[in-house]
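The values are calculated or read from the model by the stated rules, or taken from the named source; none is laboratory data. If you're wondering where the values come from, they're calculated on a predicted model, not measured in any experiment. Glycine gets a Cβ as well: all are built from the backbone with ideal geometry, and neighbour counts include every protein chain shown. All accessible areas refer to the heavy atoms of the entire protein, side chains included, with ligands and DNA or RNA removed. Shrake-Rupley method; radii C 1.70, N 1.55, O 1.52, S 1.80 Å.
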Amino acid sequence: MQLTLRKLAPALVVVTLALAGCKTAPTKTSGDTATPQAGQEAAKPAAAASVDFYLAQKQPGAGMREIALPDGKLYMQTVPVLTRADLTDAAALVDRQGQNFVGLRFSEAGARKLNDVSTKNVGNMLALVIDQELVAAPLIGEPLNRGVLAFGVASAQAASEIAAKIRGDAAVPPAGGAAPAPAAKP
């Protein structure tokens, strides 16, 4: 499997969040769909992205594959410890200081796996891979026992795009991109 690298935010750290303390960045809900105007195509649902979490570390080890990064190498296990099936939601978040995050909520079974994996691997990294692209590899700083996980990203746009990919939403328009015109009222 060939893995590509997405630009990682400079000091990504796994953070457990009480999601109530964060604002969710605007995301499209199912009620926000507009009827396409003449000459426009209706938005097609995006194919669900492959979403996997792998244990990773900075030192080589048995059963690890090497991933080249701009600032060194990362060694990642070949078998995921969590997958999309373990997730129930993904959202773009902003904390009170204006920092952007992607927040993930896990199912009950996924939360148990996350707790088990993080408890046994404090000091290692949990690499998030979407469609064979390394998106983030935050350090596990403590056991993650609340069923939620958040990691910092460089911008609100990046947070929205990553959360949308994880949820399987249609592509988010680029910042400053043209949004479809609203339907004319009769």
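Things to note:
- Accessible carbon and sulfur surface of the stretch 56-163 relative to its total accessible area, %, 1.4 Å: 49 percent
- Overall form of the stretch 84-140: rounded. Here a/c, set by the Cα gyration tensor axes a ≥ b ≥ c, is under 1.5.
- Proximal charge balance of A85 [Cβ under 11 Å; K/R count +1, D/E count -1]: 0
- Whether the stretch 40-133 is rounded, prolate or oblate, judged on the alpha carbon gyration tensor where a/c under 1.5 counts as rounded: prolate
- When each of the peptides 141-149, 156-164 is scored by the mean number of other C-beta atoms lying within 10 Å of its residues, the order from highest to lowest reads 156-164, 141-149.
- Charge sum, other residues only, whose C-beta stays under 15 Å from F106's C-beta, Lys/Arg counted +1 and Asp/Glu -1: +1
- When M76, M125, M64 are compared by accessible surface with a 1.4 Å probe, the order from highest to lowest is M64, M125, M76.
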